[in-house]
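Notes for the one structure printed next.
The values are calculated or read from the model by the stated rules, or taken from the named source; none is laboratory data. Not measured: the values here are computed from a predicted model. No Cβ is skipped: glycine too gets one built from the backbone with ideal geometry, and neighbour counts run over all protein chains shown. The accessibility values were calculated without ligands, DNA or RNA, using every heavy atom of the protein model including side chains. Shrake-Rupley method; radii C 1.70, N 1.55, O 1.52, S 1.80 Å.
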Amino acid sequence: MGLNLTQKIISQHLVSGKMIPGEEIAIRIDQTLTQDATGTMAYLEFESIGLDRVKTELSVSYVDHNLLQTDFKNADDHLFLQTIAMRYGIWFSKPGNGICHQVHLERFAVPGKTLLGSDSHTPTAGGCAMLAIGAGGLDVALAMAGRPFYLNMPKVVGVHLKGRLRPWVSARDVALYLLSKLTVKGGLGKVLEYFGEGVRTLTVPERATICNLGTEMGATSSIFPSDEQTYAWLKAQGREKDFVELSPDPDCTYDEIIEVDLDKLEPLLACPSSPDNVKPVYVEAGKPVFQVIVGSCANSSLKDLLLVAKVLEKHRVHPMVSFEINPGSLQVLENLVHLSGMKSLLHGGVRIHQTGCLGCIGMGQAPPTNSISLRTFTRNFPGRSGTSPDFVYLVSPEVAVASAVKGVITDPRDLGDYPEVSLPESFIINDSLLIPPLPEDEAKKVEIIRGPNIAPLPAFDPLPETLEGVVLLKVGDNITTDHIMPAGAQILPLRSNLPAISKFVYKNVDAEFAENALKLKEKGRAAMVVGGENYGQGSSREHAALAPRYLGVRVKLAKSFARIHRANLINFGILPLVFVNPEDYDKMEKGDEFIIQGIRSILEKGESIVKIDIKGKGEVLAKLELSPRERQSILAGSLLNLARIEG
Ligand code: MIC
Ligand code: SF4
């Protein structure tokens, strides 16, 4: 029997394990990417492994998240990242060069290769037929050290695209449609592989938008085949030598099939405050909007901005709307200028920002109180915008510009004829903010510059035989890493300083969480957090595991976990326990005292049922399903300890 594309790429990179869904496999990683918010920690971890140079084919360090320089902290991080890249043979993408996923698609994505990135939207490169996966910084550090990446063999869902998108309906709507079907957890343990006649109607940046938003469904990755569209993209980037044709075998099978009629889709939006709260635009039409932003790794390509520019050739932005554009990359910006798109944007009443993540991660661009903000971003989790409560809708560039023009949520089909937008056959390439790795002999001489905000990694003690402590917090379903470890302008600059950032854990859920946890830790007791389904969805930030661990959290007990967060918990020695009887969730309360006897022995013996004694309430049973390697990581106290033991 033939293989689908995902299975093909995995089989070519398989280091251990069998390609049976759910079983642990290890794959070789060809390329890695980091961004500044996760990168500082990832490079501190890489450094502590003690190698002289990265062992991947290509590793890139991007600066795109922490661009705001209100004091020395972010500026120091930039310098640290640049010098550590110079020291270890890593490409460095300077601030201003653009969002990691957009730049990677332009300059580095190669069909058929594997990419591991310390950012959850790394699957964006699936638009160029890469098997691209988001992971915690430590996993990326280990991949840079030449170690394989461990994951559970995903199920492969074939998404059959039929027909062609109609005018004013775009790639974003394909993803929103799938979000409405799959919800934020429907992609867990799966790769979404696109096939069918509709595929060839979509350009690589459109495919990238769809792959990017697969992350919001919890998918391990998303991928398109490599075909004439891929060739056209690589050629336009001056990289046609990287092209290889790749498609699934004709007799391949999929674990599931989803059919999407592209020509039946209509403009959609995700209402506040979850990416899967999807409705047709006309249902919300007419509500006044005060802010509209086109940007982020999902929708800031040249095609997206040219579309907006074309509309603004004929229309002006409504006086009550702040219409903001965050270009995805320097390349997008320069080509937009060259094609006169910038002129229409400026003339039409747009506010232009620098290239980067900006408001998508709460670095500026917070909306006004009680007002609707429309954004072409990836996530509208509550408070992520920086304003609380917020009313953020996720939309396509088409819906964004139509609403910016009318001042109310608008179905873009109301604007009349769809403007013709075509991409140039070759882009202006400008790599002036992209610094190649130094040759080995020069690299060795580089001195890494560390500002005072870069704190060394603390030590993590091994798992004790008995865990005893208190349930410090109980939360509901779909808790995001933004709840656990918020971002934004105040907190993001502390990503390289664990003691400092830990003070903000669960800040918007329980302002006293960090203080209470530290008090407990001082008494030598452990903290537990109880959660519902899909605990830890969203970002790859390992700080959502690292910082709680620093505060003394040793147990998370939930109905189910999101993939990357679960891996991060294991990497830092936190037990990801799952209720055997989900009804037991109801009897757990904040303040419950617990004891888990013999936990080390349970792990050493490879047992998978854990008894938790809750004082005054009796026993709660939990599952602990771990691979041998995951058990070793938790026993050692962190994967870093284990990597050091293994040498
Ligand atoms: C995000 O969109 O939430 C981020 C910021 O890009 C994160 C990474 C981070 O928290 O640094 C992600 O998606 O992984
Ligand atoms: Fe940046 Fe937003 Fe993309 Fe995350 S989702 S990488 S913050 S643009």
query: Taking amide hydrogens as modeled 1.01 Å from N in the peptide plane, which residues meet the under 5 Å criterion relative to Q35, leaving out close sequence neighbours?
result: Y62, S118
- prompt: What FRET efficiency, computed as 1/(1 + (r/R0)^6) with R0 = 56 Å and r the Cβ-Cβ distance, is obtained for K605 and R166, rounded to the nearest 0.05?
  reply: 0.40
field: Whole-Hz couplings from phi, Karplus 6.51/-1.76/1.60, listed for region 256-263; x for Gly and Pro
entry: 8, 10, 10, 9, 10, 8, 4, 6
message: On a straight-distance basis, which lysines could pair with K605 in a cross-link, Cα separation under 20 angstrom, same-chain partners fewer than 8 positions away excluded?
response: K623
task: Could I have the simple spin-label model distance between S426 and R644, label points 7 Å from Cα toward Cβ, reported in nm to one decimal?
output: 5.2 nm
- line: Simple SL model, points at 7 angstrom along Cα→Cβ for K623 and T253; separation in nm is 2.4 nm
field: Farthest positive-ward along the chain dipole, Cα basis, beta-carbon charges - from L151, Y506, H65
entry: Y506
field: Difference of contour (0.36 nm per residue) and Cα-Cα distance, A500 to L79
entry: 149.6 nm
query: Taking R0 as 41 Å, what's the FRET efficiency between L346 and E228 from their Cβ-Cβ distance, rounded to 0.05?
result: 0.70
field: Over region 215-316, relative contact order from alpha-carbon pairs under 8 Å, at least 6 apart, %
entry: 14 percent
Amide N of region 607-647 lying under 11 Å from the label point, which is placed 7 angstrom from the Cα of I595 along Cα→Cβ: 613-616
query: Taking the Cα centre of the chain as origin and charging only Cβ (+1 Lys, Arg; -1 Asp, Glu), how large is the dipole, in debye to the nearest 20?
result: 800 debye
- prompt: Once the Cβ-Cβ distance between A459 and Q12 is put in as r, and R0 is 51 Å, what FRET efficiency do you end up with, to the nearest 0.05?
  reply: 0.85
task: Name the aspartates and glutamates eligible as straight-distance cross-link partners of K617: C-alpha to C-alpha under 13 Å, and not fewer than 8 places from it in the same chain.
output: D584, D586, E589, D592, E593
task: Please give the solvent-accessible surface of K343 in Å², to the nearest 10, using a probe radius of 1.4 Å with every protein chain present.
output: 150 Å²
Rel. contact order, % - alpha carbon contacts under 8 angstrom, at least six apart, the chain: 14 percent
query: Given the rule -39500 (n - 2.57) for each run of at least 4 DSSP H residues, summed and divided by the residues of the chain, what is its mean residue ellipticity at 222 nm, to the nearest 500 deg cm²/dmol?
result: -8500 deg cm²/dmol
- line: Checked against a 21 Å limit on the C-alpha separation, the offending pairs among K556/K590; K113/K445; K55/K445 are K113/K445
- prompt: If you line up the long axis of helix 72-88 against the longest principal axis of the chain, both from Cα atoms, how many degrees apart are they, to the nearest 10?
  reply: 90 degrees
- prompt: Can you list the aspartates and glutamates whose alpha carbon is less than 12 Å from that of K523, not counting same-chain residues fewer than 8 positions off?
  reply: E468
message: Between region 456-490 and region 184-259, how far is it from one alpha carbon centroid to the other, in angstrom?
response: 35 Å
message: At a threshold of 8 angstrom on Cα-Cα distance, excluding pairs fewer than six apart, so keeping six or more, what relative contact order does region 91-221 reach in percent?
response: 28 percent
field: Phi to ³J(HN,Hα) by Karplus 6.51 cos²θ - 1.76 cosθ + 1.60 over region 509-522, Hz, x for Gly, Pro
entry: 9, 8, 4, 9, 3, 4, 4, 4, 5, 5, 4, 5, 4, 4
statement: Taking Cα atoms only, helix 36-49 is inclined relative to the longest principal axis of the chain by an angle, in degrees rounded to 10, of 40 degrees
task: Taking only protein heavy atoms into account and a 1.4 Å probe, give the accessible area per residue of region 306-379 in Å².
output: 38 Å²
query: So what are the ³J(HN,Hα) numbers for region 425-432, from phi and the Karplus equation (6.51, -1.76, 1.60; θ = phi - 60°), rounded to whole Hz, Gly and Pro as x?
result: 6, 9, 8, 6, 9, 9, 9, 5
Label point distance in nm, E515-T466, each placed 7 Å from Cα along Cα→Cβ: 3.1 nm
message: Output the 0 to 90 degree angle, nearest 10, between the alpha-carbon long axis of helix 204-214 and the longest principal axis computed from the alpha carbons of the chain.
response: 30 degrees
